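Visitor: I have a structure here, written as structure tokens, and I will follow up with some questions on it.
Derivation of every value follows stated rules applied to the coordinates shown; laboratory data play no part. From a predicted model like this one, the values you see are computed outputs, not experimental measurements. Reconstructed Cβ throughout: ideal geometry from the backbone, glycine too, with neighbour counts over all protein chains shown.
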Amino acid sequence: MPHYLPPTLAPLSRRLFLATGTAALLAPGFPAAAGAAAPQLRLDGIYYEPWLLKPSFDLGKDFAAVTKSGKNFAIMWEMRGCPWCKRLHLENFARADIASYVQENFGLLQMNLRGHTEVKDFDGEKLTEESLSLKHDVNATPTFQFFKPSDASFGGELGRVGYVEPDNFLLALRFVRERGYETSNFEDWAKSHKAPA
């Protein structure tokens with residue numbers, strides 16, 4: 001059974017999901033940040049950022065390489081036709097501050113929830129991406145799985161979060177990177193770490 005980010009982050013993301021979902025349906029489009037490179041739409045219908053981790057399709061190997069470089073390892077699950085995945089790329093990753101923070105602090109591996117590419121799991125089992133998602137109870141997109149930096153050989157999951165609007169998404173990334181979970185829950189930590197208005 002996966003561990004979720006501290007209890008208050010999962011409910012927070014659901015509330016934000018509902019609040020931003022209504023706004024997304026009413027919004028005429030997804031504005032891109034000035035100077036930001038547009039994501040590419042792959043043949044499998046998933047958006048791709050050129051700075052995402054180049055996978056070896058061996059999670060243990062990818063995880064060890066990322067943690068050795070001093071970054072946090074995370075898996076981002078997406079699938080074709082997911083409107084929240086599109087929004088993630090065209091809004092969240094279009095912001096220069098978010099894109100640069102992810103690149104500087106995370107090795108982000110993109111996985112296809114319905115994909116057929118073979119992947120070697122942390123325990124050595126070889127599965128398709130879809131079978132891997134089922135094994136790890138990932139059943140919604142986008143889903144970010146964050147992993148404990150000190151647990152590269154076992155793939156110890158720290159927690160996960162779905163789509164979150166850009167400002168709170170950046171806070172969630174900082175919460176993981178700065179290990180806020182060691183001293184606080186997300187909501188309390190976020191109150192003292194929000195950028196001044």
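Visitor: Select from the stretch 172-182 the residues that are buried (at least 20 other Cβ atoms within 10 Å of the Cβ) and either among the polar types (S, T, N, Q) or under 14 Å from LYS194 (Cα atoms) (or both) and list them in ascending order.
Guide: ALA172, LEU173, PHE175, GLY180
Visitor: Could you count how many residues in the stretch 115-152 are among the aromatic types (Phe, Trp, Tyr) and within 18 Å of LYS61 (Cβ to Cβ)? Can you show your working first?
Guide: Quick first cut of the stretch 115-152, residues among the aromatic types (Phe, Trp, Tyr) only: 122, 144, 146-147.
From what's left, within 18 Å of LYS61 (Cβ to Cβ): 122, 147.
Within the stretch 115-152, residues that are among the aromatic types (Phe, Trp, Tyr) and within 18 Å of LYS61 (Cβ to Cβ) number 2.
Visitor: If ASP137 meets every condition in (1) part of a helix (DSSP H, G or I); (2) surrounded by fewer than 20 Cβ atoms within 10 Å (Cβ to Cβ); (3) over 15 Å from the mean Cα position of the chain (by Cα) apart from one, which number is that one?
Guide: (1)
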